[in-house]
Amino acid sequence: MQTEEELDADHPRFARITEDGLDALRKLIGVPITDSVEPWCTEVTRDNVRHYAHGIGDDNPLWCDPAYAASTTHGAIIAPPSFVFPLDRVFSGYVGGLPGVHAMWSGASTTWHRPFCVGEEIRTTAALKDLIPHETRFAGRAIQQIYHVEWLSGDDLVAEGDSWCFRTERDAARELGTKYDHVKDADDYQVSSEVLARVREAYDSEQRRGAEPRYFEDVSAGDALPRMVKGPMTVTGFIAFAQGWGGLYIRANRIAHQLLKKHPNLGIPNSYGVPDVPERVHWDDDLAALVGTPRAYDYGPERCSWLLHHLTDWMGDDGFVVSHTCQIRRHNVVGEIIWIDGEVTKVEADASGVGLVHISQRATNQDGELSAVASAVVRLPSR
């Protein structure tokens, strides 16, 4: 393992966090972002919503089946709450500044005022909110880069929230990071047939509340939400998410050329010497190792979407996620399995008598290591 002084002497391969770079970023705090990449989705359509929902493994007919949705109180398809991600790339991790410094999406705190409804055209506003320095086991020095985003239909505020990435030095994470030493040493990792059978059994036993209302009066503090499984992690699964969400830098041919011409620091040569985008850490084990992780790993917004899927399966068609805050604690690498648990921590009625349920969530991998934590407020119907 190299020291920081040895890294300096070795002329690091990747860019570093500099005070000049941070000073330039600080000048952008509070400044509306007007020049950014077009979002993957600008409209809430039947196909956009279905593609996104299927990309997180969610087959809820409220998102996907027009005939079913028409029979509900909504009267038509609505989008899952995590549809905020394909509607805005900044919220999904398209960060500015510190060229060549890695960005890892690490969490979000979101409030919804109503559902996204089919037929709506959505616009967003975004601005850098804050920069916070941290010391981490993954890469040593890191900068938490926080953005604030609002989603509007016309002048109607549908949702608002903050999301954040951690900017880390790739060389430091690879050479000095200790977080994944035990995983990197497990070169012969295989998922056993017994574990696969347990996962299949878990999927078969999952139930969506759906049309049967879950009433506020029937919920108590201490109630456990049914466990949900995600995985085993595969590159195919990561691609399924990217298909519905849109990715950050996934481009082809002429458009890929234009992207790298505008942002040359995005181009990291692959094993054939061809510059390609850093997003390929989600399917390229070699690049994942260069940035300090054991293997290719999942997307941060993907995991946040799984946590919200856990809630919407439990609350039923008439429930509504008011707010959700998630924090990503580690990467889920190919082959790993994630188990999501939840517990009701508080039940209350607001000033107008609306029933609100507070929920805590934990996602752990097959070895019990913490993958993500979250807290949520869900509104339920009353008897």
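Summing Lys, Arg as +1 and Asp, Glu as -1, what charge do residues with Cβ under 13 Å from the Cβ of VAL118 carry, VAL118 excluded?
Numbers: positive: ARG46, ARG50; negative: GLU43, ASP47, ASP65, GLU120, GLU121.
Its environment carries a net charge of -3.
So what J values fall out for segment 289-294 if you push phi through Karplus, 6.51 cos²θ - 1.76 cosθ + 1.60 with θ = phi - 60°, rounded to Hz, Gly and Pro as x?
Running phi through 6.51 cos²θ - 1.76 cosθ + 1.60 with θ = phi - 60° gives 5, 5, 9, x, 10, x Hz.
Show which aspartates and glutamates lie in cross-link reach of LYS27 when reach means a straight Cα distance below 13 angstrom and same-chain residues fewer than eight apart are skipped.
Straight-distance partners of LYS27: GLU19, ASP130.
Starting from the amide H of SER371, placed 1.01 Å from N in the peptide plane, find each other amide H under 5 Å away whose residue is 5 or more places distant or on another chain.
Result for SER371 returns ALA363, THR364, ASN365.
Mind putting a number on the dipole of segment 193-238 about its Cα centre? Charges go on the C-beta only, +1 for Lys and Arg and -1 for Asp and Glu, and I need it in Debye to the nearest 20.
240
About its Cα centre, how strong a charge dipole does the chain have in debye, to the nearest 20, once Lys and Arg get +1 and Asp and Glu get -1 at the Cβ?
So the magnitude is around 480 debye.
Got a sec to turn the phi values of segment 113-125 into Karplus ³J(HN,Hα) couplings, 6.51 cos²θ - 1.76 cosθ + 1.60 with θ = phi - 60°, whole Hz, x for Gly and Pro?
Calculated HN-Hα couplings, in order: 9, 6, x, 7, 10, 4, x, 7, 9, 10, 10, 10, 10 Hz.
Segment 194-254 to segment 256-297: how many Å between their Cα centroids?
27
Which is farthest toward the positive dipole end of segment 231-383 among ILE250, VAL347, ALA376, measuring Cα position about the Cα centre, with Cβ charges +1 (Lys, Arg) and -1 (Asp, Glu)?
Looking along the dipole axis, the top candidate is ILE250.
For the chain, calculate the relative contact order in percent as a whole number, restricting contacts to Cα pairs under 8 Å that are 6 or more residues apart.
Taking the mean separation of contacting Cα pairs over the length of the chain, I get 18 percent.
What are the aspartates and glutamates whose alpha-carbon lies under 12 Å from the alpha-carbon of LYS230, with same-chain residues fewer than 8 places away excluded?
Candidates past the 8-residue exclusion: ASP58, GLU206, ASP298, GLU302, GLU336, ASP341.
In deg cm²/dmol and to the nearest 500, what is the mean residue ellipticity at 222 nm of the chain if only DSSP H runs of at least 4 residues count, each as -39500 (n - 2.57), divided by the residue total?
-7000 deg cm²/dmol
Would you list which aspartates and glutamates come within 17 Å of LYS262, measuring only between C-alpha atoms, while excluding same-chain residues fewer than 8 positions from it?
ASP35, GLU38, ASP276, GLU279
Name the chymotrypsin sites (Phe, Trp or Tyr not before Pro) in segment 240-328 that are in a loop by DSSP and that have at most 15 other C-beta atoms within 10 Å, would you?
TYR272
What whole-number value in Å² describes the accessible area per residue of segment 224-351 for a 1.4 Å probe?
The answer is 39 Å² per residue.
Towards the positive end of the charge dipole of the chain, with charges on Cβ (+1 Lys, Arg; -1 Asp, Glu), say which of ALA76, GLY335, PRO213 has the farthest Cα.
ALA76
Give me the mean projected area, in nm² to one decimal, of the convex hull enclosing the Cα positions of segment 204-343.
Mean projected area for segment 204-343: 11.1 nm², to one decimal.
Which value, in Å², gives the accessible area per residue of segment 1-120 when a 1.4 Å probe is used on the protein heavy atoms?
On a per-residue basis, 48 Å².
If Rh is defined by the Kirkwood formula over all Cα pairs and Rg also comes from Cα, what ratio Rg/Rh do you get for segment 19-158? Before the final figure, lay out the partial values.
Numbers: Rg = 17.6 Å, Rh = 16.8 Å.
Computed over Cα atoms, the ratio is 1.05.
At 1.4 Å probe size, with the rest of the protein present, what percent of the exposed accessible area of segment 13-83 is carbon and sulfur atoms?
52
Could you work out the mean projected area of the convex hull around the alpha carbons of the chain, in square nanometres to one decimal? Walk me through the intermediate numbers first.
Values: hull surface 81.3 nm².
Orientation-averaged projected area of the Cα hull: 20.3 nm².
Which length gain, in nm to one decimal place, applies between THR125 and THR234 when the Cα-Cα distance is subtracted from 0.36 nm times their residue separation? Walk me through the numbers before you get to the answer.
Values: separation 109, 0.36 × 109 = 39.24 nm, distance 3.36 nm.
Extra length available between THR125 and THR234 comes to 35.9 nm.
Given a 1.4 angstrom probe, I'd like the percentage of the accessible area of segment 234-312 that is carbon and sulfur, rounded to a whole number.
On the way: 1910 of 3370 Å².
That share works out to 57 percent.
Please check: in the Gaussian network model of the chain (C-alpha springs, under 10 Å), which one of ASP298, ASP313, ASP20 has the largest mean-square fluctuation.
Greatest mean-square fluctuation among the candidates belongs to ASP20.
Which value, in debye to the nearest 20, gives the size of the charge dipole of segment 25-132 about its Cα centre, when Lys and Arg are +1 and Asp and Glu are -1 at the Cβ?
420
Which of ALA53, THR42, GLY21 sits farthest toward the positive end of the charge dipole of segment 10-54, with +1 on the Cβ of Lys and Arg and -1 on the Cβ of Asp and Glu?
ALA53
The values are calculated or read from the model by the stated rules, or taken from the named source; none is laboratory data. This structure is a prediction, so every number in the text was calculated from the model and none was measured. Note: ideal-geometry Cβ built from the backbone for every residue, glycine included; neighbour counts use all protein chains shown. These accessible areas exclude ligands, DNA and RNA; they are computed on the full protein's heavy atoms, side chains included. Shrake-Rupley method; radii C 1.70, N 1.55, O 1.52, S 1.80 Å.
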